[in-house]
4 protein chains.
Amino acid sequence: MAIEASRESAPARIRLGMVGGGKDAFIGAVHRIAARLDGEFELVAGALSSTPARARESGRLLGLAEDRVYDSFREMAAREKRLRNGIEAVAIVTPNDVHYEAAREFLKRGIHVICDKPLTATLSDARRLAALAEKSDALFILTHNYTGYPMVRQAREMIAAGELGDLRLVQVEYVQDWLTEPLERTGAKQAEWRTDPARSGAGGAVGDIGTHAFNLATFVTGLTLTSLSADLDSFVEGRRLDDNAHVLMRFAGGAKGMLWASQVAPGNENGLKLRVYGTRGGIEWCQEEPNRLWFTPFGKPKTLLTRGGAGAGAAAQRMTRTPAGHPEGYLEGFANIYAEAARAILARREGRPIPPDVVYPTVADGVAGVAFIEACVRSSKRNAAWVTL
Amino acid sequence: MAIEASRESAPARIRLGMVGGGKDAFIGAVHRIAARLDGEFELVAGALSSTPARARESGRLLGLAEDRVYDSFREMAAREKRLRNGIEAVAIVTPNDVHYEAAREFLKRGIHVICDKPLTATLSDARRLAALAEKSDALFILTHNYTGYPMVRQAREMIAAGELGDLRLVQVEYVQDWLTEPLERTGAKQAEWRTDPARSGAGGAVGDIGTHAFNLATFVTGLTLTSLSADLDSFVEGRRLDDNAHVLMRFAGGAKGMLWASQVAPGNENGLKLRVYGTRGGIEWCQEEPNRLWFTPFGKPKTLLTRGGAGAGAAAQRMTRTPAGHPEGYLEGFANIYAEAARAILARREGRPIPPDVVYPTVADGVAGVAFIEACVRSSKRNAAWVTL
Amino acid sequence: MAIEASRESAPARIRLGMVGGGKDAFIGAVHRIAARLDGEFELVAGALSSTPARARESGRLLGLAEDRVYDSFREMAAREKRLRNGIEAVAIVTPNDVHYEAAREFLKRGIHVICDKPLTATLSDARRLAALAEKSDALFILTHNYTGYPMVRQAREMIAAGELGDLRLVQVEYVQDWLTEPLERTGAKQAEWRTDPARSGAGGAVGDIGTHAFNLATFVTGLTLTSLSADLDSFVEGRRLDDNAHVLMRFAGGAKGMLWASQVAPGNENGLKLRVYGTRGGIEWCQEEPNRLWFTPFGKPKTLLTRGGAGAGAAAQRMTRTPAGHPEGYLEGFANIYAEAARAILARREGRPIPPDVVYPTVADGVAGVAFIEACVRSSKRNAAWVTL
Amino acid sequence: MAIEASRESAPARIRLGMVGGGKDAFIGAVHRIAARLDGEFELVAGALSSTPARARESGRLLGLAEDRVYDSFREMAAREKRLRNGIEAVAIVTPNDVHYEAAREFLKRGIHVICDKPLTATLSDARRLAALAEKSDALFILTHNYTGYPMVRQAREMIAAGELGDLRLVQVEYVQDWLTEPLERTGAKQAEWRTDPARSGAGGAVGDIGTHAFNLATFVTGLTLTSLSADLDSFVEGRRLDDNAHVLMRFAGGAKGMLWASQVAPGNENGLKLRVYGTRGGIEWCQEEPNRLWFTPFGKPKTLLTRGGAGAGAAAQRMTRTPAGHPEGYLEGFANIYAEAARAILARREGRPIPPDVVYPTVADGVAGVAFIEACVRSSKRNAAWVTL
């Protein structure tokens, strides 16, 4: 995209609402920056908290007009639909258990949904949501944000082009340490809901970050997971959801994989790492150094491809804002999902087909993610037996 | 700042104009993203190019109102001053030779100036501009953006707190490779003006990136450069400005240093690296991995301090948007300069004193930078003789 | 040991024989350098090949006396035992299937055995060998050489001292790429025997390098593996042994682990990497950068411990030859096994007890390794069912 | 050399003597391991200390025959020359001030000299020694050991082959921290003599490690230094020799360089690093990760060449003992100098010409090194004026 989306015209900004993301929320603020970074969205309405007073205060701090700060997403969906300049899209950034009901309200009114992951707290909700999305004219974008990194796109493009040959191995891990101790008992909100089955669903680490790892692996490789064997643990006493997941994977076509998700591994901040190997070469990418992609053609020296550098191809270039050596990070990667969403939404607004190079995670990816969580939980309960997906 | 500037109220956005930064410009687009990222500025006017047609088209692509797209910065300064909701601040992102005249127009009308570096093309201009800024009520912010990185702030705070003891050594380098060949003869605009003495001033690499290195070194250490010896080269035949600079430095108090700036070192993308050593410890920071700061207390193991991590202090935390392991990059660092500017500008707007923890490079830093350039050029012409600053 | 083993006297060198390791063998040459490095062994006899002409030529090239170059290890064991200055120890460096019979000949004559890993080609051989070793007065040293690296000793010492708290997770991998293509069909001797069940036993990658990974993990952590689930593959068509192994592990006390061994992952040279996490901290070590050990106490910054550096404890120091920053490598680590063996053998020669700080892998470690291989193979045949060890 | 020097025959080991290197010496022990590693030398005599009792004890600990342990190098040279199996070569590992006189005794008797660096304590001694060496039939090998690293040979070969084009820039540094405090006043022998002008000569850090950096730079690039400007400091109060050196360099043909040598930079263990840039590409090598060489052809992605890996050429291969990923270190690099010496000495013994691919630092390199030291000291005394070499 070069440093700014090059465009032929300057369309009016996309009017965006938000469900969740009130004061002190983490991911809501990330979505807002992502929406703002390229100047293509404008946040104009919000149902920012299920606590009305908190919703109001949050709306005020964000500078929203008072009459567009809502106490509930139902109210917001209904009223915004009737406004002449009501929202065109909504970002849903609540805990997982709210995703389904919130998304339904907007989808059925034709308002595009940008939803945080995992898709829902249960697989049945996920499937119902997918059915709704299919019937709706509105778009559904799932923010598996790591797919927005340019060098992740580069890896995907190289694999699709056959540069790794036939794929054999996928090693993916997403490792953190912030739940090494029972943080959820100290009043930390992020820890509370993410370890609470009622709000998160059946998966702990495997749901929160394991789905990111799984999504990244399949996004990059294009492989289909056919069965898995999972050994989940809750190492912290009294924790109700897993905080560590060891998963063996088998893919259609014979490739094999391992996935490790952990929130109890001291010294790891946000260690999402993907390695893929085929008959002709291997690649390695790590989220904490997102501007770099290692590539080794078998029998040749290892090369370091950099975002914006000599070896970056078209898929990476269209996601790139700054030149090589001017690092992009998490927010830029996240913003790329919003940039893709904007291109699709504007196409819809203008009655054009969505440009063929636009790529974003969809409701189908969301269903796959929740199916992955449930399969892991099921396998683990049966002593890591193989479970078919 | 946590993920979003926490604030007690939601003040109206700062109305921003821009001089330069038309279609295809690099640094203008960076300034716009930086201004947008925290939602505290709104770009409402521009004199985006000295070519009127280009200015118009650029304004249209940015969605500016037609009557606030100007053919010249003089016209913009004059008219905006008269508007009820005219711009409160202007970003000047032209080649260096225009900085002085543009800044003058806004400063004298009390409009805050956010200006790209180096300050001016000549030292006399720099000094005149400093005098103007001193007399003006308006603020002057120089975008030595690398001072906005959280771990640069961390390094500065640690040194001020004495964690390195008495400083002895400063090794700084800023190394690129994009001018290894005569790119300026291929029509590349960035290369053209940056190698043209009329537009860049007396310094080539030493001005474009050497000043960043020098600024970073003094910002972090608090040291004052007293003399230098510089050996400049133009390795590419026919190039009119230096493309490589080797500089020895002597600081007040006895510390010594080396500075290397190059644009002809293949394999280096944007390699700004600072190392500082004192009687009690050493630090190392590299722009291409900006979320990390190495610190070794003498006689103890090396530690890796990370942005958002356990060892990050107050100065870094207030510049931090995302948690540890969620990398921030160049644009976030740049946006931090805008965030600091916003805090100062809003304080002025509201008649409050500027909060004491607000830090940004000033016109004085700009004068020091241009003095550094001229001293390097002078020393080099005299066979690298020592030149006093 | 400082740069040379500090010692009170200069005992006569240990007279060493070798079985296997003829011309062009890889590991035999490594053993010879390891034996030579500290000047405590002297190679005086050899049954270097099962092909007499090759044995003779190899002996000549190594400068052995003609009458101490043997056609078979049986002949060597018998005759050397009778010599007044016959060998005191023998290094067995043949393919795995010969280990048992060769070791038996020397053990039963009281000649110390230094044997390459894995211990034997079958578990029954391993157990018989262990029984023989137990009855023998001779020592049995298994060259799981990676346990000789100083920073591996450091990790082990830290864990034993409780610096990681209660252990939860062990992630270990040993990854190579040299068998990505069917190298065994090109006449490459190393590839031939390592993929031949008759010479290697039931394990391919899992035997050749998986046992190293398993041994390293248990050596460092002190944990006991209780059960495993393994998914082995032969990705290269026609290959008779596995070239990739994915293993889930459960340890006594509740720790869990993953082990990945592969010889078909392009871009990996000799990637043995161990990560261990407990309630109080985590460590990370990688064989390709053996002088470094990462240690993160939970809630504190990551530290980089270096061989010879400020944080290195007693266990590492006694294995250290050169100062910090003067890298030691594979051969020094290997030589450390020989250095430990020498200390034990000299103690026996002189009728002293073996010093309590001498540590080397034993026949029991060898049995555990072969049991690991067989459990992996068994599990994999049963669709990765859990197998108890 | 593959894992062991491949050879057609097994010549008798080269009989080696040693001057210096008694108990507790550092570099003497390194030389002994280096000599032993490939099994081509046998230490048979020594004048290990100028203190007779210490010389005797050291000889006993090394297992030397009593009648070949000498009280002085003069006695050793004279008597060994008369023995039928007297030494063929001598390793001189004393402080610098003894090198000249010791070397003279052996050279004039036709005994090959392997001498530690820097060559001598004064330039006049260096020149006299060079004259002696030229007249002598004996070989003179200077152990600038870093030239023995395979990837240093690789870099040299690539530059000679033109892969970097015309050279423009040489950045070299050798940085340590062990003299950050006045260690020489605590009784530490290594610190004492290395900071004592009487034993070290005119250079402190610049002599001890700056010469290594200078030698490495010229060895790899083939460039000739024509002039330099040096700013030396003794940061530790009372220290009589420099502990930090900043040097600008100009080479014949127009290339420029910077050299930094320091022993007071906390966090640096043995940081010898070389970067070279030309019109067509750049390379980077760091002694603490010696098995890796970064190479970037201009306009292409960076590649990582590894010792033993796909990109390693003939010059690196002949210095390589273990396969890729099995790290070699400082001792192997040092041993490579001995391996080259052995090939030359054996050629002389057998009356053959020295094979053309044998490369080692010579007395001429030694003279250049001492000239470099003296030029730095001279320049620094004249306020870093340019000094011609």
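Please identify the GluC sites (Glu not before Pro) of region C:190-287 that satisfy two criteria: DSSP loop assignment and at most 14 other Cβ atoms within 10 Å. Which are they? Working shown, then result.
Values: sites: C:192, C:237, C:269, C:284; in loops: C:237, C:269.
Taking region C:190-287 and a limit of 14 other Cβ atoms within 10 Å, the loop GluC sites (Glu not before Pro) found are C:237.
Whose Cβ in chain A comes nearest the axis that rotates A onto B, and by how many Å?
A:329, 2
Normalised by the number of residues in chain B, what is the relative contact order in percent for Cα pairs under 8 Å and 6+ residues apart?
Numbers: 881 pairs, mean separation 77.5, N = 389.
Averaging sequence separation for qualifying contacts and normalising by length gives 20 percent for chain B.
What are the residues whose amide H is under 5 Å from the amide H of residue B:141, where those residues sit 5 or more places off or on another chain and H is modelled from the backbone?
So residue B:141 has HN proximity to B:113, B:114, B:115.
Under the classification rounded if a/c is under 1.5, otherwise prolate if a/b is larger than b/c and oblate if not, where does region A:153-212 fall, given a ≥ b ≥ c as square roots of the Cα gyration tensor eigenvalues? Walk me through the intermediate numbers first.
Working: a/c = 3.66, a/b = 3.09, b/c = 1.18.
Cα axes put region A:153-212 in the prolate bin.
Which of the three applies to region A:43-178, rounded, prolate or oblate, going by the alpha-carbon gyration tensor with a ≥ b ≥ c and a/c under 1.5 meaning rounded? Don't skip to the answer; put the middle values down first.
Numbers: a/c = 2.21, a/b = 1.91, b/c = 1.16.
Cα axes put region A:43-178 in the prolate bin.
With a 1.4 Å probe, how much accessible area is buried between chains D and C, both sides summed, in Å² to the nearest hundred? Show your work: numbers first, answer last.
Details: alone 16880 and 16880 Å², together 30260 Å².
Separately minus together, D and C give about 3500 Å² buried.
Once phi is turned into ³J(HN,Hα) by the Karplus curve 6.51 cos²θ - 1.76 cosθ + 1.60 with θ = phi - 60°, what whole-Hz value does each residue of region D:285-292 show in order, with x for glycine and proline?
With coefficients 6.51, -1.76 and 1.60, one gets 9, 10, 4, 7, 10, x, 7, 10 Hz.
Cross-link partners among aspartates and glutamates for residue C:108, C-alpha distance below 15 Å, same-chain residues fewer than 8 apart left out?
C:75, C:80, C:88, C:134, C:137
Suppose accessible area is computed on protein heavy atoms with a 1.4 Å probe; arrange D:292, A:84 from highest to lowest.
Details: D:292 65, A:84 215 Å².
From most accessible down to least: A:84, D:292.
Can you list the distances in nanometres, one decimal and ascending, from the residue B:82 label point to the identical position in each other copy, with the point 7 Å along Cα to Cβ?
For residue B:82, the inter-copy label distances come out at 4.6, 11.1, 12.0 nm.
Going 7 Å from Cα along the Cα-Cβ axis for the label, what nanometre distances separate residue D:26 from the same residue across the other copies?
Relative to the other copies, residue D:26 has label-point distances of 3.5, 4.4, 4.6 nm.
Distances in nm, one decimal, shortest first, from residue D:52 to the same residue in every other copy, taking the label point 7 angstrom along Cα→Cβ.
Reported distances to equivalent positions: 5.8, 10.3, 10.5 nm.
Could you give me the ³J(HN,Hα) list for region B:377-384, computed from phi with Karplus coefficients 6.51, -1.76, 1.60 and θ = phi - 60°, whole Hz, x at Gly and Pro?
5, 5, 4, 4, 5, 9, 6, 6
Which value, in debye to the nearest 20, gives the size of the charge dipole of chain C about its Cα centre, when Lys and Arg are +1 and Asp and Glu are -1 at the Cβ?
On the way: 49 positive and 46 negative charges, 173 e Å.
With only Lys, Arg, Asp and Glu charged at Cβ, the dipole is about 840 debye.
Roughly how many Å² is the accessible area per residue of region B:294-379, as a whole number, for a 1.4 Å probe?
Numbers: 2650 Å² over 86 residues.
Averaged over the residues of region B:294-379, the accessible area is 31 Å².
Rounded to the nearest whole Å³, what is the per residue volume of the convex hull around the Cα atoms of region B:144-298?
Details: hull volume 16.3 nm³, N = 155.
Taking only Cα atoms, region B:144-298 has a hull volume of 105 Å³ per residue.
Which value in deg cm²/dmol, rounded to the nearest 500, describes the helix-derived mean residue ellipticity at 222 nm for the protein assembly as shown, given -39,500 (n - 2.57) per DSSP H run of n ≥ 4 and division by the residue count?
Working: 48 runs with 524 residues, N = 1556.
The helix contribution divided over the protein assembly as shown gives -10000 deg cm²/dmol.
Where in region A:189-221 are there chymotrypsin sites (Phe, Trp or Tyr not before Pro) that are in a DSSP coil and have at most 10 other Cβ atoms within 10 angstrom of their Cβ? Mind showing how you got there, number by number?
On the way: sites: A:193, A:214, A:219; in loops: none.
Hits after loop and neighbour filter: nothing returned.
Go through region D:338-385 and name the GluC sites (Glu not before Pro) that are in a DSSP coil and have 11 or fewer other Cβ atoms within 10 Å of their Cβ. The partial results should precede the final answer.
Numbers: sites: D:340, D:350, D:374; in loops: D:350.
Of the GluC sites (Glu not before Pro), the ones in loops of region D:338-385 whose Cβ has at most 11 other Cβ atoms within 10 Å are D:350.
How well do other chains shield peptide D:230-239, expressed as the mean number of their Cβ atoms within 10 Å of each residue Cβ? Mind showing how you got there, number by number?
Details: counts 1, 8, 1, 6, 0, 9, 2, 0, 0, 0.
Counting other chains' Cβ atoms within 10 Å and averaging over D:230-239 gives 3.
Tell me, what is the per residue accessible area of region A:29-168 in Å², probe radius 1.4 Å? Walk me through the numbers on the way to the answer.
Numbers: 5070 Å² over 140 residues.
Per-residue accessible area for region A:29-168 comes out at 36 Å².
From Cα pairs below 8 angstrom and at least 6 apart in sequence, can you work out the relative contact order of region B:82-216, rounded to a whole percent? Present the calculation step by step, with values, prior to reporting the outcome.
Values: 148 pairs, mean separation 33.6, N = 135.
That works out to 25 percent.
What is the mean number of Cβ atoms from other protein chains located within 10 Å of the Cβ atom of each residue in peptide B:162-169, rounded to a whole number? Could you put the intermediate results ahead of the total?
Working: counts 0, 0, 1, 2, 1, 0, 10, 10.
Mean partner-chain Cβ count within 10 Å for B:162-169: 3.
Taking θ = phi - 60°, what integer Hz values does the Karplus form 6.51 cos²θ - 1.76 cosθ + 1.60 yield along region B:310-317, in sequence order, with x for Gly and Pro?
Values per residue, Gly and Pro as x: 4, x, 7, x, 4, 4, 6, 4 Hz.
Under a cut-off of 26 Å between alpha-carbon atoms, report the lysines in cross-link reach of residue B:300, not counting same-chain residues fewer than 8 places apart.
B:256, B:273, C:273, C:300, C:302, D:189, D:273
Mind checking the mean number of beta-carbon atoms from other chains within 10 Å of the Cβ atoms in D:326-338? The partial results should precede the final answer.
Working: counts 13, 15, 6, 13, 10, 11, 7, 3, 2, 3, 0, 0, 0.
Mean partner shielding for this stretch: 6.
In square nanometres and to one decimal, what's the mean projected area of the convex hull around the Cα atoms of chain D? Walk me through the numbers before you get to the answer.
On the way: hull surface 76.3 nm².
Its average projected convex-hull area is 19.1 nm².
Please state the charge dipole magnitude for region A:235-389, taken about the Cα centre, from unit charges on C-beta atoms (+1 on K and R, -1 on D and E), reported in debye and rounded to the nearest 20.
Roughly 500 debye, rounded to the nearest 20.
Which shape class applies to region D:301-349: rounded if a/c is under 1.5, otherwise prolate when a/b exceeds b/c and oblate if not, where a ≥ b ≥ c are the square roots of the Cα gyration tensor eigenvalues? Intermediate values should be presented prior to the final figure.
On the way: a/c = 3.15, a/b = 2.10, b/c = 1.50.
Prolate.
Pop out the carbon and sulfur fraction of the accessible area of the protein assembly as shown as a percent, whole number, probe 1.4 Å. Intermediate results must be reported in sequence, preceding the final value.
Details: 25590 of 51890 Å².
Carbon plus sulfur share of accessible area: 49 percent.
Would you work out the relative contact order for region A:149-234, in percent, from Cα pairs under 8 angstrom that are 6 or more residues apart? Before the final figure, lay out each step's value.
Values: 45 pairs, mean separation 30.9, N = 86.
Once normalised by length, the contact order is 36 percent.
The values are calculated or read from the model by the stated rules, or taken from the named source; none is laboratory data. These numbers were taken from a predicted model, which means no experiment stands behind them. Quick reminder, even Gly has a Cβ in these numbers, built from the backbone with ideal geometry, and neighbours come from all protein chains shown. Areas reflect the complete protein model, heavy atoms only, side chains present, ligands, DNA and RNA absent. Shrake-Rupley method; radii C 1.70, N 1.55, O 1.52, S 1.80 Å.
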